[in-house]
Amino acid sequence: MKELKLCVFSDFHYWPGSYPGTKEGLKEIVRDAHEHQVDCMVHCGDFVHTGDASADFINLYHHNEWNIPAYGCIGNHETEEIDDFSSVLEAYGMKNEYEYHDINGFRLIMLDTNYYLDPKGVYHHNPPRSHSAPYKPANCLPPKELEWLRNVIMNSPNPCILCSHASFEQ
């Protein structure tokens, strides 16, 4: 049977002066991941609040001293202090807001649950400079992402693990 050993965490909230997440705290997570010999690390959103201004912190994670592969999802707070969503993708080294990675015979799928459905039935990504949706239902996947997800799962040669910031139970 295939095995995959993960270090998964969420809601680190690195934003000096506003939240308790620190560089020392991240270094401890990465050191623990190394000591436990994980195959990769996954943060499930709300890693930082200013993706474009936290590049040095994000690099501590993605380019860690033990070269542990590091992936992540976009949380609702990643857009809190930015004007352009593309700056978050650039800071995280992501081409799209959702993606997948095949590791040790498993497919890790990183989803973006930062969408809401407006009263007219149109899906929108949470706006910049906000940490929540202006309408409910929120924290959902729009049809385009659901279709992508369906294709990624159906065409995967590996068992799939879904990662997201918000729950699908809503």
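Condition test on Lys27, is it without any contact (Cβ under 8 Å) to a residue 60 or more places away in the chain, assigned to a helix (DSSP H, G or I) and either farther than 25 Å from Leu146 by Cβ or touching a helix residue (DSSP H, G or I) at 6+ places or on another chain (Cβ under 9 Å) (or both)?
yes
Please find, among Glu97, Glu90, Glu145, Glu78, the residue that is in contact (Cβ under 8 Å) with a residue 24 or more places away in the chain, of a type in the set (Asp, Glu), in contact with a helix residue (DSSP H, G or I) (Cβ under 6 Å, 6 or more places away or on another chain) and surrounded by 13 or more Cβ atoms within 10 Å (Cβ to Cβ).
Glu78
Could you grab me the full set of residues in the range 1-14 that are farther than 11 Å from Ile29 by Cβ, touching an Asp or Glu at 6+ places or on another chain (Cβ under 8 Å) and in a loop (DSSP other than H, G, I, E, B)?
Leu4, Lys5, Ser10, Asp11, His13
Check whether at least one residue in the range 35-44 is of a type in the set (A, V, I, L, M), modelled with pLDDT of 95 or more, open to solvent by less than 60 Å² (accessible area, probe 1.4 Å) and part of a loop (DSSP other than H, G, I, E, B), and report yes or no.
yes
Scan the range 107-141 residue by residue and report those that are out of contact with any strand residue (DSSP E or B) (no Cβ under 8 Å at 6 or more places or on another chain) and polar (S, T, N, Q).
Passing the criteria: only Ser130.
Of all residues being more than 23 Å from Pro69 (Cβ to Cβ) and open to solvent by less than 80 Å² (accessible area, probe 1.4 Å) in the range 3-18, which is modelled with the highest pLDDT? Just the residue, please.
Selected residue: Trp15.
Could you please give the count of residues in the range 105-131 that are modelled with pLDDT of 95 or more and open to solvent by 30 Å² or more (accessible area, probe 1.4 Å)?
1
For the range 45-71, which positions are in contact with a helix residue (DSSP H, G or I) (Cβ under 6 Å, 6 or more places away or on another chain), of a type in the set (Gly, Ala, Ser) and buried (at least 19 other Cβ atoms within 10 Å of the Cβ)?
Gly51, Ala70
The values are calculated or read from the model by the stated rules, or taken from the named source; none is laboratory data. A quick note: this is a predicted structure, and the numbers were derived from the prediction, not measured. Counting neighbours? That spans all protein chains shown, and the Cβs are built from the backbone with ideal geometry, glycine included. The accessibility values were calculated without ligands, DNA or RNA, using every heavy atom of the protein model including side chains. Shrake-Rupley method; radii C 1.70, N 1.55, O 1.52, S 1.80 Å.
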